[in-house]
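Heads up: the structure comes next, in structure tokens.
Here, each number is a calculation from the coordinates, and none is a lab measurement. Bear in mind that the values here come from a model prediction, so they are computed numbers and not experimental data. Neighbour counts are summed over all protein chains in view; Cβ atoms, including those assigned to glycine, are modelled from backbone coordinates with ideal geometry.
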């Protein structure tokens with residue numbers, strides 16, 4: 001007797017969903033519904049259940065499997081990863097911002113959460129960023145002036161990458177640069193996966209008097225393609241409570257402030 005896919009036990013279907021995602025990285029709800037001959041409601045329940053156990057990110061209409069390789073996920077997908085931790089990290093970063101300062105935000109999703117948390121009314125705050133989403137978030141806020149770097153648009157990060165020798169960061173005095181990263185280790189510092197983003201972040205870090213890293217627990221003790229900020233340039237790291245305590249203690253021994261949210 002031939003077993004219909006709709007006759008699969010729930011755990012068997014969910015395992016096959018994982019297999020599909022491992023093969024093609026992403027799948028839509030309608031696609032999975034047709035494939036297993038079950039309702040879209042059932043597939044959404046499967047994906048919600050799997051998201052609690054596997055590195056799966058729910059997207060609009062489907063899901064993406066987050067792999068451990070160096071491939072760069074698109075911005076919208078990364079925004080959903082550890083979103084609760086990033087919201088708290090962003091709020092803590094916003095608390096460090098004072099009226100009258102000029103700050104820089106990189107193209108990380110953590111920096112976007114910081115931009116959203118800047119709810120205070122400023123008399124004068126200047127924000128320099130290469131991220132389109134952060135710029136749009138801050139446009140129109142009382143007392144906030146937004147300066148964007150020029151360049152080519154990278155859709156993966158909604159960022160502008162400057163291909164010219166001249167950079168806006170060579171002409172402004174940055175009090176603090178708030179940056180995210182793909183990975184962080186004591187030996188390599190803050191690292192990221194895209195060469196152009198790394199080059200721009202290096203310029204941003206060089207222009208800043210202080211560097212604040214916005215990194216959740218998944219970024220610790222990991223190394224990506226290239227370093228954009230050495231450990232000794234870090235003033236503060238804002239992270240979440242799931243970060244291993246021994247790593248936090250080691251960083252504090254280096255004289256770096258660690259804020260846990």
>> Using all alpha carbons of region 158-260, what is the percent of pairwise distances in each 10 Å bin, ordered from the shortest bin to the longest?
In response: 16, 49, 28, 7, 0
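Report relative contact order for the chain in percent, whole number only (criteria: Cα-Cα under 8 Å, sequence separation at least 6). Don't skip to the end; give the middle numbers.
Working: 493 pairs, mean separation 36.1, N = 261.
In percent, rounded to a whole number, it is 14.
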> Once label points are set 7 Å from the Cα along Cα→Cβ at both residue 39 and residue 25, what is their separation, rounded to one decimal in nm?
Replying inline: 3.3
> In nm, to one decimal, how far is the residue 123 label point from the residue 202 one, both placed 7 Å along Cα→Cβ?
Replying inline: 4.0
> Pick from 177, 226, 104: which residue has the top mean-square fluctuation in a GNM of the chain where Cα pairs under 10 Å get a spring?
Replying inline: 226
> Taking the Cα centre of each part, how many Å lie between region 111-187 and region 211-261?
Replying inline: 20
> Among 178, 9, 169, which comes first, second and so on when ranked by fewest other beta-carbon atoms within 10 Å?
Replying inline: 9, 169, 178
> Which peptide among 188-195, 229-236 comes first, and what is the full order, when sorted by highest mean count of other Cβ atoms within 10 Å?
Replying inline: 188-195, 229-236
> At 222 nm, what helix-only mean residue ellipticity would the chain give, in deg cm²/dmol to the nearest 500, using -39500 (n - 2.57) for each DSSP H run of four or more?
Replying inline: -10500 deg cm²/dmol
>> Starting from 0.36 nm per residue, how many nanometres of slack lie between residue 8 and residue 250 once their C-alpha separation is accounted for?
In response: 82.2 nm
> For the chain, modelled as a GNM with alpha-carbon contacts under 10 angstrom, which of 92, 27, 208 fluctuates the most?
Replying inline: 27
> With axes computed from alpha carbons, what is the tilt in degrees of helix 40-51 against the longest principal axis of the chain, rounded to the nearest 10 within 0 to 90?
Replying inline: 50
> With contacts defined as alpha carbon pairs under 8 Å and 6 or more residues apart, what's the relative contact order of region 178-251 in percent?
Replying inline: 40
> If you take the alpha carbon radius of gyration of region 79-260 and divide it by 2.2 N^0.38 Å, what ratio comes out, to two decimals?
Replying inline: 0.95
>> Quick check: from the Cα gyration tensor, does region 9-65 come out rounded (a/c under 1.5), prolate or oblate?
In response: rounded
> Pick from 197, 23, 137: which residue has the top mean-square fluctuation in a GNM of the chain where Cα pairs under 10 Å get a spring?
Replying inline: 23
